[in-house]
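Please read the structure below before turning to the comments.
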Amino acid sequence: MTAKTIAIAADHGGVELKSQIIKSLADNGWEVIDLGADGSASVDYPDYAQAVAKSIINGDAASGILVCGSGIGMSIAANRYPQIRAALVHDRLSAELCRQHNNANVLCLGARLLGDATALDCVNAFVTTEFEGGRHGRRVEKLSSLPD
């Protein structure tokens, strides 16, 4: 795996947007691991969130993208894993801030809530923005700790 390897998955509500994201990432030199789904048949989003989370935890991907109708279910499911910091974003600024301040390693998007251009702008911001570290590092470390 290289730093430019990203895992992506979607439920049935995000398949079309996922395809556009894959093309955009590949066109920009990213190695993309497509973990499904591939059609409009109803599927369970937690299964796809788990697949992306495990690909990051196992070291197959450096980061991930999850797409469902709202992005909410995917973000809840992905954040069940202590190693995952999934952020549901709605615009370029929220995508930049989730990387800069929270070192998010999974981007969650709502295909029914975002236009395609906005979603692709969010993806671009996510993959090009670095974590600032510093005071944010201490806070991010606490996110991976199990609660008492």
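The values are calculated or read from the model by the stated rules, or taken from the named source; none is laboratory data. Values in this document were obtained by computation on a predicted structure and should not be read as measured data. Note: ideal-geometry Cβ built from the backbone for every residue, glycine included; neighbour counts use all protein chains shown.
Return the total of residues in the range 77-93 being β-branched (Val, Ile, Thr) and under 19 Å from residue 15 (Cα atoms). Give the steps one after another, and end with the answer.
Here is the first cut: in the range 77-93, the residues β-branched (Val, Ile, Thr) are 84, 89.
Still in the running and under 19 Å from residue 15 (Cα atoms): 89.
Qualifying residue count for the region: 1.
Check whether at least one residue in the range 13-24 is of a type in the set (Val, Ile, Thr), more than 15 Å from residue 123 (Cα to Cα), in contact (Cβ under 8 Å) with a residue 12 or more places away in the chain and in contact with a Gly (Cβ under 7 Å, 6 or more places away or on another chain), and report yes or no. First the steps, then the outcome.
Taking the range 13-24 as the starting set, the residues that turn out to be of a type in the set (Val, Ile, Thr) are 15, 21-22.
With more than 15 Å from residue 123 (Cα to Cα) added as a condition, the list becomes 15.
From the residues that got through so far, the ones that are in contact (Cβ under 8 Å) with a residue 12 or more places away in the chain too are 15.
Right, trim to in contact with a Gly (Cβ under 7 Å, 6 or more places away or on another chain) and you get 15.
Checked the range 13-24: at least one residue is of a type in the set (Val, Ile, Thr), more than 15 Å from residue 123 (Cα to Cα), in contact (Cβ under 8 Å) with a residue 12 or more places away in the chain and in contact with a Gly (Cβ under 7 Å, 6 or more places away or on another chain).
Working only within the range 23-46, note down all residues that are out of contact with any Asp or Glu (no Cβ under 7 Å at 6 or more places or on another chain), in a helix (DSSP H, G or I) and crowded, with 20+ Cβ neighbours inside 10 Å. Explain how you work it out, then say what you get.
At the first step, the residues of the range 23-46 found to be out of contact with any Asp or Glu (no Cβ under 7 Å at 6 or more places or on another chain) are 23-32, 34-36, 38-42, 44, 46.
Those left that are additionally in a helix (DSSP H, G or I): 23-27, 46.
Matches in the range 23-46: 25 only.
Are there any pairs with C-beta distances below 6 angstrom linking a residue in the range 73-91 that is closer than 18 Å to residue 139 by Cβ to a residue that is surrounded by 15 or more Cβ atoms within 10 Å (Cβ to Cβ) and at pLDDT below 95, with the two at least 6 apart or on different chains, and if so which?
none
Residues in the range 8-19 that are in a helix (DSSP H, G or I) and either among the acidic types (Asp, Glu) or surrounded by 16 or more Cβ atoms within 10 Å (Cβ to Cβ) (or both): how many? Spell out how you get there, then give the answer.
Let us first name the residues in the range 8-19 that are in a helix (DSSP H, G or I), namely 15-19.
Subset that is either among the acidic types (Asp, Glu) or surrounded by 16 or more Cβ atoms within 10 Å (Cβ to Cβ) (or both): 15-18.
Residues that pass the stated criteria total 4.
What about residue 85, is it charged (D, E, K, R) and modelled with pLDDT under 95?
On the way: charged (D, E, K, R): yes; modelled with pLDDT under 95: no.
No.
Residues of the range 97-117 being charged (D, E, K, R) and under 20 Å from residue 20 (Cα atoms), which ones?
Residues of the range 97-117 charged (D, E, K, R): 99, 112, 116.
Residues satisfying the conditions are 112, 116.
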